[in-house]
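Here is the structure we will look at.
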Amino acid sequence: MAENNVTNTNTTNSIDNARKYGTKLWKKKVRKFFNNRLAVFGLLVVVIFLVLMIGAPIFTKWDPNAPNFKAKLVGPNAEHLLGTDSLGRDLFARILYGGRTSVLIAVVSSFIGSTIGTILGAIGGYFEGFIDKCLVRLQEIVSCFPQLILVLIVVAFIGPGTWNLILIFALTGWTGCFRLVRSEFIARKEETYVKVCEAFGMSNVKIMFSQILPSVLTTVIVQLTMNIPGYVMQEAGLSFLGFGVPMNTPTWGTMLNAAKASSILINNPHCWLVPGLAISLFVLAVNFFGDGLRDVMDPRQQ
Amino acid sequence: MEDKKIILDVKNLNTSFKSDGQVIKIIKDVSFQLEKGRSLAIVGESGCGKSVTVHSVTRLMAKNAIINSDHVIYRSYRNSEEPKEYRIDKMSNYGKEMRSLRGPEISMVFQDPMASLNPVYRVGDQIIEGLLEHNKSMSKKEAMEKAIDMLKKLGIPAPEQRVKDYPYQLSGGMKQRIVIAIAMINDPELIIADEPTTALDVTIQAQIMELMKKLQTDYNKSIILITHNMGLVTEMADDVIVMYMGRIVEKGSLRQIFSNPSHPYTKMLLSSVPVLGLEQGQKLTTIPGSTPNPADLKEGCEFAGRCPFCTDACLKGKIPGFEIEEGHMVRCLRCAGHKEVD
Amino acid sequence: MAKYIVRRLITMVIMVFVISLVIFIALQSTGVDPVGQMLGVDNYTKEAAEEMREKLGLNDPIIVQFFRWWGNIFKGEYGKSIALGYTVKDGLIAKWPATLEITLYALLISTVIGLLIGMLSAFWQNSIIDYLGRGIAVLGNSMPEYFFALILIQIFSIKLGLLPSAGRIPAGGGSRLPNLILPVCALAIPLCGNLMRYTRNTMLDVANQEYVKLARSKGIPEWKVYIKHIFRNSMRPVITILLFRLTILIGGSVAVETVFAWPGVGQVLTKAITASDYWVVMFYTLFMAIMMLSISFLIDLIGALLDPRVRLGK
């Protein structure tokens, strides 16, 4: 009797364990993420940036676009935390408001690009054959276009602007995600659970999006995060050269553009150091965060 | 007792892994001896520490592993009756001494032949790599001739052509023969086979095991076979070690283990596998529960959580091993009263 | 294998053609009037413009113009800058040596150092050299190269006054080295960081493979394990990333050239884009596309040579 009781409680325990396992795994992942000091640092910095940018009017009283000719090119002080630029505009305010545009461009481009890449990659990888060949060729063609040229064409078509930049980034940026999702689909399509769904007569679209896609999604999310720093840098690069966002819109890139004037380059380094450091810190933080996220969600990817 | 030639002597081997800042004990106080010319099977469920045990002996471990032991001694009886002793526990993982043992004295056959061969080199070159390393004066041509001889011995047709093949051109069974050839080419005394047939078809499994058995008997080699296949154990092994959660729960000769299994885990393990001679109508049973996470283990018997005979005493302290007949050790309090040996 | 190469070459030609057609049509439909720019505001009359259009063949259908442009390319006439009057040959191709000068050095230096430190940090994981390499990689990844260039100028030219901050000494004008150091560093260090990280991670990945364990069980020394087995099997992905960076040889780095006022193709391109100078842009694009296609072809080819499965035609 006594022996039987022991066995029973054990069995119940293991069922409970199995039930708990789902949440336990999740908790374990969260713990693993928080054990990674760099990732936590990244998350913290990103959150601080986001809070500052979203709540910009609370944190600074200055208008990022209002020139103040009495306070041109002053260095950091109590009044102007990070100093002012050649038109006397407060740099801290410009970093916060400009960051909104920079980060918006990066996040939205990455999101649209990943979505396009995922959908096309799923189609190409799942069906293979002719459609896949066409998509792969398209992807090759797109990756052959120098981005600068595309910017020129789009700018000439519809004029410069934030959304045009997003359009270009999204149209050129889907290829990485496409390759990733496509190869995942090719591999997973052969797995038993997909074959079972096919045997049950489930429709292709349903198998693709409700069966295979969820298991690929973590990879896509990690990829999406890891793409954001790249877009921040590209926006800054193009704006630095004068081809990105119009000069009157504050972004981290247009702020860096000030360094092209040699007097500012030499005499007022704070004007370009501030946006440059903002970019570097943000990109660094997102990279750390993304690395930590990948380790937890998608350990197979290196 | 004295005239036994002990080729491998392991005393209180402990291996832990560092992971996420925690140290997790994977194998605990493992002791065993292997006689020359005999074959020892280590059995147990996946994750019970079989592989880690032999990898700790051969020191082919990841960098986050911590290996401790009273001693690990390898004795070579090659030249004279007086054995040459090697203290493996005192050697560094990839140092010169350890390397001089790997290949000419101890060699390994791994689980997955598909992954064991380097895809970018011809198999012949991979076979002679170890040979040339330990025989500096040998020419490449001589080495290749030896490799071809070895393949012939292993029953590979047209070995002159095969050595020029790349791994992808060979079937799984053929690849595993190549891996065995790599292990045999330096004529080692001890061969450690880590689940050598798990990845292969059943018919190929039989061929590979026959081959290994033949090597053992014809050349008087010693073999450690790691497996969870009880059928293989009955065919191959002289001695058996049963492991559970990193600890040896029972060890003895093949006959002792199979005719008188005494640890509840061994009994369950044996009744859960189809072996030849299963009586008609006899049912296969399953072991209730699943293996616990090594990080969560507390004191007492590791099997207590799944054991139908568990008592309060089982949950405390260290469970000793009892010798219920000569050479047959069982780590279970139900055998208390016999002589304590471990 | 030969069949495969021929097939790849044919697709490549077709792709170059398609890409150039797309860009050609796109540039033509931007609505920029080249004639207006050529005549200037002062000379502009409707008649003159019409006459010029006829003369240049701009009234022909786009397709005709496109094939005419290709025909000229084959004849060695690469076109002329509309706004600034220089020919592509003098204005763009002649600038390549300057671009090549910095990009070649940057590529060489970053490749050698990147591979070396990458390999060493895989060998001595978590050692000082590993942390150093990872630090450089993190910085190189998070700092835009032109921002890095600005900092270099600030430190070495303005604060320390050691090195010139801009320009290039023409041939025969004395030592060119001082002017080269900063731009090459600005390009090389970020490239280097990436390669280090990639080499290290790929090698660590390969180091976990079963065949590496088998190689170790043969008793061969660790350095042989690393060179013969781990590095040899990491080469394919590493070469892929190495080849991809060859594009900067042709394309140059527009941002770094701008910062250092380096008279290379990047500068020409910036001006051409600002002036909607589309023959120059067209030619640049064509070259970049050919370069990209050749590189992906090379990657497949070298990959095939390194992988017996592909090499022996499976």
>> Suppose we filter segment A:275-302 for residues that are surrounded by 23 or more Cβ atoms within 10 Å (Cβ to Cβ) and farther than 30 Å from C:Thr202 by Cβ; how many remain?
In response: 3
>> Can you say whether C:Leu182 is touching a residue at least 12 places away in the same chain (Cβ under 8 Å) and closer than 18 Å to C:Val138 by Cβ, as far as the supplied structure shows?
In response: no
>> Please go through (1) more than 10 Å from chain B (Cβ to nearest Cβ); (2) surrounded by fewer than 17 Cβ atoms within 10 Å (Cβ to Cβ); (3) without any contact (Cβ under 8 Å) to a residue 24 or more places away in the chain for C:Lys224 and return the number of the only condition it doesn't satisfy.
In response: (1)
>> Considering only residues that are at the interface with another protein chain (Cβ under 10 Å from one of its Cβ atoms) and crowded, with 17+ Cβ neighbours inside 10 Å, which ones fall in segment C:296-306?
In response: C:Ser296
>> Suppose we filter A:Ile149, A:Ile168 for residues that are under 26 Å from C:Met282 (Cα atoms), within 17 Å of the chain's Cα centre (by Cα) and surrounded by 19 or more Cβ atoms within 10 Å (Cβ to Cβ); which single one remains?
In response: A:Ile168
> Among the listed residues C:Leu195, C:Leu242, C:Leu162, which satisfies the condition of being more than 18 Å from C:Thr99 (Cα to Cα), surrounded by fewer than 18 Cβ atoms within 10 Å (Cβ to Cβ) and away from chain B (no Cβ under 14 Å)?
Replying inline: C:Leu162
> Using beta carbons and a limit of 6 Å, which pairs, at least six apart or on different chains, have the first residue in segment A:185-212 and assigned to a helix (DSSP H, G or I) and the second one surrounded by 15 or more Cβ atoms within 10 Å (Cβ to Cβ) and not hydrophobic (A, V, I, L, M, F, W, C)?
Replying inline: A:Phe185/A:Gly125; A:Phe185/A:Tyr126; A:Ile186/A:Gly125; A:Cys197/A:Gln211; A:Met208/A:Tyr126; A:Ile212/A:Arg188
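Is there a residue being surrounded by 14 or more Cβ atoms within 10 Å (Cβ to Cβ), within 23 Å of B:Glu129 (Cα to Cα) and in contact with a helix residue (DSSP H, G or I) (Cβ under 9 Å, 6 or more places away or on another chain) anywhere in segment B:77-86?
First, pick out the residues of segment B:77-86 that are surrounded by 14 or more Cβ atoms within 10 Å (Cβ to Cβ): B:77, B:83, B:86.
After this cut, where a residue has to be within 23 Å of B:Glu129 (Cα to Cα) as well, the list is none.
No, segment B:77-86 contains no residue that is surrounded by 14 or more Cβ atoms within 10 Å (Cβ to Cβ), within 23 Å of B:Glu129 (Cα to Cα) and in contact with a helix residue (DSSP H, G or I) (Cβ under 9 Å, 6 or more places away or on another chain).
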>> If a residue must be crowded, with 19+ Cβ neighbours inside 10 Å and not in a helix (DSSP H, G or I), how many such residues does segment B:41-51 contain?
In response: 6
> Listed residues C:Thr240, C:Thr202; which is assigned to a helix (DSSP H, G or I), under 18 Å from the mean Cα position of the chain (by Cα) and more than 21 Å from A:Met233 (Cα to Cα)?
Replying inline: C:Thr240
> When segment A:236-281 is examined, which residues are found to be of a type in the set (A, V, I, L, M, F, W, C), within 10 Å of another protein chain (Cβ to nearest Cβ) and not in a helix (DSSP H, G or I)?
Replying inline: A:Phe243
> Within the bounds of segment B:197-214, is there any residue that is touching a Pro at 6+ places or on another chain (Cβ under 9 Å), closer than 21 Å to C:Lys213 by Cβ and either free of Cβ contacts under 8 Å to residues at least 12 places away in the same chain or surrounded by fewer than 20 Cβ atoms within 10 Å (Cβ to Cβ) (or both)?
Replying inline: yes
> Restricting attention to segment B:296-327, which residues are touching a helix residue (DSSP H, G or I) at 6+ places or on another chain (Cβ under 8 Å), crowded, with 18+ Cβ neighbours inside 10 Å and closer than 22 Å to B:Asn260 by Cβ?
Replying inline: B:Cys301, B:Phe303, B:Arg306, B:Cys307, B:Cys310, B:Cys314, B:Ile319, B:Phe322, B:Ile324
>> If I filter segment A:250-266 for residues that are under 21 Å from C:Ala275 (Cα atoms) and buried (at least 23 other Cβ atoms within 10 Å of the Cβ), do I get at least one hit?
In response: yes
> Is it the case that some residue within segment B:52-68 is within 14 Å of another protein chain (Cβ to nearest Cβ), in a loop (DSSP other than H, G, I, E, B), aliphatic (A, V, I, L, M) and crowded, with 16+ Cβ neighbours inside 10 Å?
Replying inline: yes
> Only one residue in B:Pro294, B:Pro274 is in contact with a Leu (Cβ under 8 Å, 6 or more places away or on another chain), at pLDDT below 90 and within 23 Å of B:Ile226 (Cα to Cα). Which one?
Replying inline: B:Pro274
> Restricting to segment C:287-310, what's the tally of residues that are touching a residue at least 40 places away in the same chain (Cβ under 8 Å) and either over 18 Å from the mean Cα position of the chain (by Cα) or over 29 Å from C:Met1 (Cβ atoms) (or both)?
Replying inline: 7
> Taking the stated definitions as given, is A:Ala71 under 22 Å from A:Trp252 (Cα atoms), at pLDDT below 90, surrounded by 15 or more Cβ atoms within 10 Å (Cβ to Cβ) and out of contact with any helix residue (DSSP H, G or I) (no Cβ under 6 Å at 6 or more places or on another chain)?
Replying inline: yes
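Okay, residues lined up against (1) under 23 Å from B:Ser76 (Cβ atoms); (2) modelled with pLDDT under 90; (3) under 21 Å from the mean Cα position of the chain (by Cα); (4) not charged (D, E, K, R):
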| position | (1), (2), (3), (4) |
| --- | --- |
| B:Asp125 | no, no, no, no |
| B:Glu129 | yes, no, no, no |
| B:Met150 | yes, yes, no, yes |
| B:Lys164 | no, no, no, no |
| B:Ile180 | yes, yes, yes, yes |
| B:Thr203 | no, yes, no, yes |
| B:Ala206 | no, yes, yes, yes |
> In segment C:165-180, what count of residues is obtained for those that are in a helix (DSSP H, G or I) and either surrounded by 17 or more Cβ atoms within 10 Å (Cβ to Cβ) or outside the structural domain of C:Gly118 (by TED's automatic domain parsing) (or both)?
Replying inline: 2
> Considering only residues of segment C:126-144 that are buried (at least 20 other Cβ atoms within 10 Å of the Cβ) and within 9 Å of another protein chain (Cβ to nearest Cβ), which is farthest from C:Ser253 (Cα to Cα)?
Replying inline: C:Ser142
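Scanning for something over 20 Å from A:Ser239 (Cα atoms) and modelled with pLDDT of 90 or more, does segment A:102-112 turn up at least one residue? Let's see the steps before the verdict.
Quick first cut of segment A:102-112, residues over 20 Å from A:Ser239 (Cα atoms) only: A:111-112.
Still in the list and also modelled with pLDDT of 90 or more: A:111-112.
Taking every residue of segment A:102-112 in turn, at least one turns out to be over 20 Å from A:Ser239 (Cα atoms) and modelled with pLDDT of 90 or more.
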> Quick one: which of B:Ser107, B:Ser100 is assigned to a helix (DSSP H, G or I) and at the interface with chain C (Cβ under 8 Å from one of its Cβ atoms)?
Replying inline: B:Ser100
> When segment B:17-37 is examined, which residues are found to be over 14 Å from B:Asn293 (Cβ atoms), in contact (Cβ under 8 Å) with a residue 40 or more places away in the chain and within 14 Å of another protein chain (Cβ to nearest Cβ)?
Replying inline: B:Lys18
> Within segment B:245-271, can you find the residues that are hydrophobic (A, V, I, L, M, F, W, C) and at positive phi?
Replying inline: B:Met245
>> What are the pairs with Cβ atoms under 7 angstrom where one residue, in segment A:107-126, is under 21 Å from A:Tyr231 (Cα atoms) and the other, located anywhere, is among the hydroxyl-bearing types (Ser, Thr, Tyr) and modelled with pLDDT under 95? Sequence gap at least six, or different chains.
In response: A:Ser109/A:Tyr231; A:Ser110/A:Tyr231; A:Gly117/A:Thr175
> When you scan segment C:245-264, how many residues do you find that are more than 11 Å from the chain's Cα centre (by Cα) and either within 11 Å of chain A (Cβ to nearest Cβ) or in a helix (DSSP H, G or I) (or both)?
Replying inline: 6
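The values are calculated or read from the model by the stated rules, or taken from the named source; none is laboratory data. Every value quoted in this text rests on a predicted model; they were computed, and no experiment measured them. As a convention, Cβ positions derive from the backbone with ideal geometry for all residues, glycine included, and neighbour counts pool all protein chains shown.
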